[in-house]
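Below: one structure, written as structure tokens.
Nothing in this text is a laboratory measurement; each read-out follows from the coordinates by a stated rule. Please read these numbers as outputs of a predicted model, since none were measured by experiment. Positions of Cβ are backbone-derived with ideal geometry, glycine not excepted, and every protein chain shown enters the neighbour counts.
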Number of protein chains: 2
Amino acid sequence: MIDRLVIIGVGLIGGSLARALRRSGAVGEIVGVGRSAANLEAAVELGVVDRFEFDAAEAVRGADMVVVAVTLGASAAILETIGPALDENTFVTDVGSTKLSVVASARAALGARFPNFVPGHPIAGTERSGVKASFAELFEDHKVILTPVSETREEALHAVVSLWRATGASVVEMEAAHHDQVLAATSHLPHLLAYTLVDMLAAAKDSSEMFEFAAGGFRDFTRIASSNPEMWRDIILANREAVLQMCEMYADRFETLRRAIEAGDGAAIEVIFERAKLVRDRSVVSPHPSKRPAEHAVLPLKRGDGDQ
Amino acid sequence: MIDRLVIIGVGLIGGSLARALRRSGAVGEIVGVGRSAANLEAAVELGVVDRFEFDAAEAVRGADMVVVAVTLGASAAILETIGPALDENTFVTDVGSTKLSVVASARAALGARFPNFVPGHPIAGTERSGVKASFAELFEDHKVILTPVSETREEALHAVVSLWRATGASVVEMEAAHHDQVLAATSHLPHLLAYTLVDMLAAAKDSSEMFEFAAGGFRDFTRIASSNPEMWRDIILANREAVLQMCEMYADRFETLRRAIEAGDGAAIEVIFERAKLVRDRSVVSPHPSKRPAEHAVLPLKRGDGDQ
């Protein structure tokens, strides 16, 4: 039981975590921290948090658990702000999409409290953001990766494991560097590929026609290009080395395939396609492609929802 | 009303077309043609076709409408087989994913009957194949592109437009060359990108872990790599020039983004992401991301369903 939980950044992830923990009865009071009064007021109205504060240092005093759920670019500043205000029994975790960068920030910012910090990353999300997009089921049957370091206290780790299990997620531990490699390949690179495709088609002279005739596969492919640009810029920069490595591997393989097409080498093309299909069908076995409530299962249809 | 409809290739597309036309009452007898007795028997059992034949030339005699719904690699041979057997009042259409290549084959194979041929391409599909994957709603609210040429008879065009409208699809006409460009960008290139990504991850030493931690966006992205490899090899080769052009444009843009990441140029990265998100959110407005019955909305979970 967490008597007082402080969530800094009450957006899709922070808000969904609050909802899930509230539902599970694993938490007493939930305090939201953020910069946008409108978003925080919405969070109170929706029952996602009990109250909110703008001053993160003030909010974390006396808390049992603090979750830093801001964008990656903002997390170092938040850790510096809260570092001096943390009690010795307050555990801290985060939800950042890269982990080496966050571990370095936390080590620098938290000083003597660093052993109470458990770096974390829930592998869940949608292309939407803000507390209104949050829902209690977001983490159900999803994985949460924790990347504790040698200094991390066992009690802190146990508390954060319990927190995530209460949301219906399963928890795995791995090294921060390994996490960053795996995510560069399975998440950061795919986002780059989708952004590049949409940007290229947008520049075509018959661009609107391109999108008009786009069928299912294309829509799936480009959905991730609807993700928050600022957030993704931060992720890519925070994980630059691993991302660059994946980009180079990808460009090499794409060039190999392009050459096979240029040469009209049907056998070589088919081998690549066959291998991909086989591995893909064998590996992607989650029966929950879209375990979200119905209102979240639709594509964003509004024009210019750039504030999401 | 089509008294006798012959569908050559009773798979996902041919089968779904038969189901949709049957449902609409727009057709009398439906005859299926194919090579696999098991698939054709299943088609009769499922009520998709009334009867079947193995000999395409035999089947098309006296038909009102013939739909060639085989894979692209097989369509030239089918057109050659049926050419001499076609009546002067039998209209023919196809569903091939590229159109210049099909127009060339049809012109060579159909001789005096070529004006009765209307090249077509329904922009609909799933990664599944075979008659068991077919469903009557596949074409509802989807587009069908027809690419008639100067020789095409008006009556043939009208008949094929009516056929597709009866399925709930909307019909657009364009030049075959333009069709091939648009599809290279919105369908063929995305498939190449997804196949390349999956193939690259499959080759990684921690490949199974990669797929284990893949979240929603990645699953969406790679779903199209589950498509039939042989079919896609044929499509890519049939549309080689347009595909190569798109590959080169894509590789250029990807390299531009990679360089911005390498330089740590957050502003340049964000501009690309912003532009893509804006165009994507404004353009992909279909309210039917998955207008299929529930059993089709799930991912293929079977292992090694390479026969699909």
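Observations
- Helical runs assigned H by DSSP (4 residues or longer) give the protein assembly as shown a calculated mean residue ellipticity at 222 nm of -15000 deg cm²/dmol, each run adding -39500 (n - 2.57) before division by the residue total.
- Each copy carries B:Ala203; placing its label point 7 Å along the C-beta direction from Cα gives inter-copy distances of 2.6 nm, listed from smallest up.
- Taking a point 7 Å from the Cα of B:Asp206 along the Cα-to-Cβ direction, the residues of the stretch A:137-161 with backbone N closer than 13 Å to it are A:145-148.
- More than 25 Å apart - percent of Cα-Cα pairs taken over the stretch B:73-185: 21 percent
- For B:Phe52, distant residues with modelled amide H under 5 Å away: B:Gly32
- In nanometres and ascending order, the distances from the A:Gly25 label point to those of the other copies are 5.8 (point 7 Å from Cα along Cα→Cβ).
- Entries of A:Lys99/A:Lys143; A:Lys99/B:Lys205; A:Lys205/A:Lys277; A:Lys143/B:Lys205 with Cα pairs more than 23 Å apart: A:Lys205/A:Lys277
- When trypsin sites (Lys or Arg not before Pro) are flagged only if DSSP places them in a loop and at most 16 other Cβ atoms lie within 10 Å, the longest unflagged stretch of chain A comes out as A:206-301.
- A from B by rotation - nearest chain B beta carbon to the axis, in Å: B:Asp220, 2
- Reported to the nearest whole Å, the Cα centre-to-centre distance from the stretch B:69-141 to the stretch B:157-232 is 19.
- Axis angle, to the nearest 10 degrees, between helix B:12-24 and the longest C-alpha principal axis of chain B: 60 degrees.
- Kirkwood-type radius of chain A, with distances r between different C-alpha atoms, in Å: 20.8 Å
- 0 to 90° range, to nearest 10: angle between helix A:240-262 axis and chain A longest Cα axis: 20 degrees
- Helix A:229-238 and the long axis of chain A differ in direction by around 90°, with both axes built from C-alpha atoms.
- The mean number of Cβ atoms from other chains found within 10 Å of a Cβ in peptide A:25-32 is 0, as a whole number.
- Normalised alpha carbon radius of gyration of the protein assembly as shown [divisor 2.2 N^0.38 Å]: 1.07
- Take A:Glu151, move 7 Å from Cα toward the beta carbon, and the resulting point lies 7.9 nm from the same point in each other copy, nearest first.
- Among B:Val27, B:Val182, B:Val160, residue whose mean-square fluctuation peaks in a GNM of chain B (springs only between Cα atoms under 10 Å): B:Val182
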